[in-house]
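Notes for the one structure printed next.
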Amino acid sequence: MTLIKSISGIRGTIGGAVGDNLTPIDAVKFAAAYGTWLKQQLVKENYRVVVGRDARISGSMIQNLVMNTLIGLGIDVIDLGLSTTPTVEIAVPMEHADGGIILTASHNPKQWNALKLLNNKGEFLDGVEGAKILDIAEGDAMNFADVDHLGKITKNDAYIDLHIDEVLALPLVTKRAIEQARFTVVVDGVNSTGGIAIPLLLEALGVDVIKLYCEPNGQFPHNPEPLKEHLTDLSEAVKKHKADFGIVVDPDVDRLAFMDENGNMFGEEYTLVACADYVLSKTPGNTVSNMSSTRALRDVTEKHGGTYEASAVGEVNVVSLMKKNKVVIGGEGNGGIIYPDAHYGRDALVGVALFLSLLAEKDITVSALRDTYPNYFMSKKKIQLTPSLDVDAILKAMENRYQNEQLTTIDGVKIDFSESWVHLRKSNTEPIIRIYTEAKSQNEADTLADKFIEEIEVIAKV
């Protein structure tokens, strides 16, 4: 059982001992720390926070604990109930709220949950802000409201519809062309809130929707991380129904992957590549993704005359560099689309609409579209952490071992070779070391990852 405290929030497994897992006491403590921090930012009479959750089993319990803690601090809560991460993000500024909390552990299995924390722009907190909340949680500065000044909860279940309206209003979303294309699409909503939002969006775009695991009951039918090995049912459904393609999202709908008409993965990394290709063809400019993302985005960006730059892993780092470079689209290679014309957050609804607009314009199959992009292959592996593993020492040893190669050390160690790369880093969301590689073939990528895993295991035993 695990509890991970980071600048982006608190994430852990449900049950167990206080301080070691995400227990009710831990949820209350960190909600109170967030509310206290929020009130320290601006002294005024009334404070408002938007709260929403994905459909995981513990969601209702954790949300009630969080909301009642906030009203105990005298903060009003706008309760979105079952929602998506990007929906909460857009609701914060639309409600003129002071912040937001999303109860979701993203791609983690059902025993996990988390508090993701937003500022008044509906964006994730930066490192300085997050560190302050962690300090407050460990101190005694939390001061609750008296009985005459408690906050109140207002329920608003309209925001998924409002979110869809915002997506349809984007100038590059070609609703008429998508309707005329008469697509048939299978949607795997992993029995979470994507099963609500994505079919509603597709239906609004005139797409024929076949639902797979779209009941938001939190009973994930497979590992919720949208990777090829977890999506055999989607592949079979696409082929069975002769669909144009398949869509899968993670439980909180900020990651997006496609499956082509033959039941083959389009490639999670290529979600951003395709959306960027479309956006750059209409609005030339620059792009940003994180260091663990495919080189194909760089290639497509340069094809359109733009410049690509990589940030440290983490949405807040990607967004910071996007703003600095004034990019037109960016995101993360895990299927996270960040389109500033919508908002500065990963948004699968925006990604679906842009992808459909591209496909309708090109009038080709999804497999044919994939063939138009540079062919890179990635391997994503991990090493489980144990108390005996000194991650910093391991990464430093790898840095020294490959000091004659092109190195980037702003986030773990990334080693760029002429035809491939490897990125080694400690995860922000799980107790693991991530080993990501990319090469010109899947075999080369897998072999490279296995080679580095062996090297790490040898170093760890020294």
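Here, each number is a calculation from the coordinates, and none is a lab measurement. As the structure is a computational prediction, the values presented were derived from the model and not from experiment. Reconstructed Cβ throughout: ideal geometry from the backbone, glycine too, with neighbour counts over all protein chains shown.
Things worth noting here:
- Length added when fully stretched, LYS451-SER60, from 0.36 nm per residue minus Cα-Cα: 136.4 nm
- Descending semi-axes in whole angstrom, ellipsoid equivalent of region 3-157, from the Cα gyration tensor: 21, 18, 15
- Measuring nothing but how far apart in sequence close Cα pairs (under 8 Å, 6+ apart) lie, relative to its length, region 3-157 scores a relative contact order of 32 percent.
- Here SER427 and ASN262 are evaluated by their C-beta separation; at R0 = 25 Å the FRET efficiency comes out at 0.15.
- Sparse-neighbourhood loop sites, trypsin sites (Lys or Arg not before Pro) in region 1-96 - DSSP loop, at most 14 other Cβ within 10 angstrom: LYS44
- Student exercise, region 3-157 dipole from Lys, Arg, Asp, Glu Cβ charges, in Debye to nearest 20: 360
- Mean Cα-pair separation over length for region 55-138, i.e. relative contact order, pairs under 8 Å, 6 or more apart, %: 25
- In region 141-235, the trypsin sites (Lys or Arg not before Pro) that fall in loop regions by DSSP, at most 12 other Cβ within 10 Å: LYS152, ARG182
- Taking every DSSP bridge with both residues inside region 1-134, close to 50 percent are antiparallel.
- The chain: relative contact order as a whole-number percent, Cα under 8 Å and 6+ apart: 12
- Dipole of the chain computed with +1 at Lys/Arg Cβ and -1 at Asp/Glu Cβ about the Cα centre; of PHE417, THR69, PRO171, farthest Cα towards the positive end is PHE417.
- Gain in span if fully extended, ASP165 to ALA131, counting 0.36 nm per residue against the direct Cα distance: 8.7 nm
- Note on ASN156 and GLU203: with the Förster distance fixed at 25 Å, the Cβ-Cβ geometry gives a FRET efficiency of about 0.70.
- Positive-end ranking of LEU297, ALA237, VAL190 along the dipole of the chain, with charges on Cβ about the Cα centre, is headed by LEU297.
- Only Lys, Arg, Asp and Glu carry charge here, each on its Cβ (+1 for the first two, -1 for the last two); on that basis the chain has a dipole of about 160 debye about its Cα centre.
- By the beta-carbon count within 10 Å of each Cβ, the least crowded to most crowded order of MET61, MET322, fewest first, is MET61, MET322.
- When DSSP beta bridges are restricted to pairs lying wholly in the chain, around 55% turn out antiparallel.
- Pair ALA177, LYS440: separation of 7 Å Cα→Cβ label points (nm): 3.4
- Footprinting exposure proxy for ILE364, ILE101, ILE196 (fewest neighbouring C-beta atoms within 10 Å first): ILE364, ILE196, ILE101
- Summarising the amide proton neighbourhood of SER6: residues at separation of 5 or more, or on other chains, whose placed amide H is nearer than 5 Å comprise ARG11.
- The label-point distance for GLN40 and LYS240, in a model that sets each label 7 Å from Cα toward Cβ, rounds to 5.4 nm.
- Quarter of the Cα convex hull surface for the chain, i.e. its orientation-mean projected area (nm²): 21.2
- Beta bridge orientation in region 79-227: antiparallel %, DSSP, nearest 5: 45
- Modelled FRET efficiency - R0 56 Å, ASP363 with SER418, Cβ distances, 0.05 increments: 0.90
- With a threshold of 18 Å on the Cα-Cα distance, the over-threshold entries among LYS29/LYS116; LYS116/LYS152; LYS381/LYS426; LYS282/LYS440 are LYS116/LYS152; LYS282/LYS440.
- Neighbour-limited loop hits for trypsin sites (Lys or Arg not before Pro), region 309-384 (at most 12 other Cβ within 10 Å; DSSP other than H, G, I, E, B): LYS326
- Sequence of SER6, SER311, SER420 once ranked by neighbouring C-beta atoms within 10 Å, starting from the fewest: SER6, SER420, SER311
- Backbone amide hydrogens, once placed in the peptide plane, bring TRP421 within less than 5 Å of GLU438, excluding anything fewer than 5 places away on its chain.
- Difference of contour (0.36 nm per residue) and Cα-Cα distance, GLN219 to SER6: 74.0 nm
- Near-label residues of region 164-192 by backbone N, under 11 Å of a point 7 Å along Cα→Cβ of ASP341: 169-174
- Hits among aspartates and glutamates - C-alpha to C-alpha of LYS5 under 13 Å, sequence gap 8 or more where chains match: ASP20, ASP26, ASP135, GLU138, GLU430
- For region 143-258, the gyration tensor built on C-alpha atoms gives an oblate shape. Its axis ratio a/c (a ≥ b ≥ c) is at least 1.5, and a/b is not larger than b/c.
- Inter-probe distance in nm under a simple model that places probes 7 Å from Cα toward Cβ, at ASP140 and ASP299: 6.1
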